[in-house]
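Right, one structure below, let's go through it.
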Amino acid sequence: MKITRNMLNKAVDAKIISADQSNQLIDFFHKLPDQSPGFNLTNVLYYFGGLIAIGAMTLFMNLGWELYGGWGIFFLCCCYGVLGLALAHNFQNKGFAIPAGICATFVICLTPLAIYGLQNAMGWWPDSSVYQEYNYYIRWQWIFMEFGTLIMGLILAWFYRYPFMIMPIAVTLWYMSMDLASLLSDGYYSYELSAMVSMYFGIATLLIAFWVDVRSSESADYAFWLYIFGVFAFWGGLTAQHSDSEVSKFIYFCINLGMILLGVILNRKVFVVFGALGSAFYLGYLAFQVFKDSYFFPVVLSAIGLAIIYLGILWQKNEAQLTAKLRGVLPKPLQDLLQARDQLD
């Protein structure tokens, strides 16, 4: 639960705290390090401008830059990189954390283009493919660009330590998983292989995200982007799996229910969103395929829904006791993480 000024005012009206204590608490909260950027016009402008600049050098890069040649692309990227680092350093010194993080992220996103230019200039590029295809096609030759981006990302993240910088690192890991699979399979990359690689990569990313989450539970949320891309890769790969077995489909449903529960435990909404989508897909499959002519299925499903609502009411009434019992059987690092989440939210 996020504490608002209105909540503190109600506490003052209820004579729980004084008006002076309310103002002191507000000042104290404002002086705390930002855990998650708020949704306001200033931050929207920061991220909107940053994403435009990042998109210009990644998703929206066109063939016009090919006219500069390999060395031209490399030196232009170096100039942009120096400018980005200078801005990041300047913003950091002035206390503008979000713009500093965005500028440092911009430099990380420039890295694959710079490596592409260098490879072209040195005659190391293997075929006629161009950078414009980097974000759209799976090819083994992107590997060097991805390794370089990871190295640059880890170095800059170590120096600047802004959560938004993890975003291009997570994306690059995702790209690398597919390109490595293509490399190891001699360029043969089927839909089934893609789904399998995505699923296992998602699991690995989620384990890394959980480790990062535990290590940074009392600081900024560095695991946010790792969780997002990890869940997206795992759930996407899992959903893309094909099976004619009803047991396998039911297991898929149970996994999605488990994701919802895990999202509640870890206080990570991305698990809940994708778990709910997967559950809805399975229930839709039952409604339109398995029980498409049944009069009782909608009635039974409605009853289940109402029972879940009633379960929520019971949980709300006994939340403190049940939460304490459930957390008591969890490992100590996870208990500490959940306690830190309670304090931050």
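The values are calculated or read from the model by the stated rules, or taken from the named source; none is laboratory data. Quantities reported herein were computed from a predicted structural model and do not represent experimental measurements. We place every Cβ from the backbone using ideal geometry, glycine too, and count neighbours over all the protein chains shown.
What number of residues in the range 125-160 are touching a Phe, Trp or Tyr at 6+ places or on another chain (Cβ under 8 Å) and farther than 19 Å from residue 174 by Cα?
Total meeting the criteria: 2.
From the list 208, 255, pick out the single residue that is farther than 26 Å from residue 161 by Cα, in contact with a helix residue (DSSP H, G or I) (Cβ under 8 Å, 6 or more places away or on another chain), without any contact (Cβ under 8 Å) to a residue 24 or more places away in the chain and among the β-branched types (Val, Ile, Thr).
One residue alone meets the criteria, 255.
Does the range 219-232 include one or more residues that are in contact (Cβ under 8 Å) with a residue 24 or more places away in the chain, crowded, with 16+ Cβ neighbours inside 10 Å and of a type in the set (S, T, N, Q)?
No, the range 219-232 contains no residue that is in contact (Cβ under 8 Å) with a residue 24 or more places away in the chain, crowded, with 16+ Cβ neighbours inside 10 Å and of a type in the set (S, T, N, Q).
For the range 241-345, please list each of the helices (runs of 4 or more DSSP H) lying entirely inside it that holds at least 2 residues being farther than 28 Å from residue 216 by Cβ.
On the way: elements: 246-266, 269-285, 297-317, 319-328, 332-344.
In the range 241-345, the matching helices (runs of 4 or more DSSP H) lie at 246-266, 269-285, 297-317.
Taking the range 105-126 as the region of interest, how many residues are of a type in the set (Phe, Trp, Tyr) and within 15 Å of residue 55 (Cβ to Cβ)?
1
Would you mind stating whether residue 221 is more than 20 Å from residue 169 (Cα to Cα) and either touching a Phe, Trp or Tyr at 6+ places or on another chain (Cβ under 9 Å) or assigned to a loop (DSSP other than H, G, I, E, B) (or both)?
So residue 221 fails the test.
Any chance you could count how many residues in the range 122-156 are touching a residue at least 40 places away in the same chain (Cβ under 8 Å), closer than 30 Å to residue 215 by Cα and either touching a Gly at 6+ places or on another chain (Cβ under 9 Å) or buried (at least 18 other Cβ atoms within 10 Å of the Cβ) (or both)?
Total satisfying the criteria: 4.
Which condition number in (1) at pLDDT below 80; (2) more than 21 Å from residue 169 (Cβ to Cβ) is the one that residue 57 fails?
All conditions are met except number (2).
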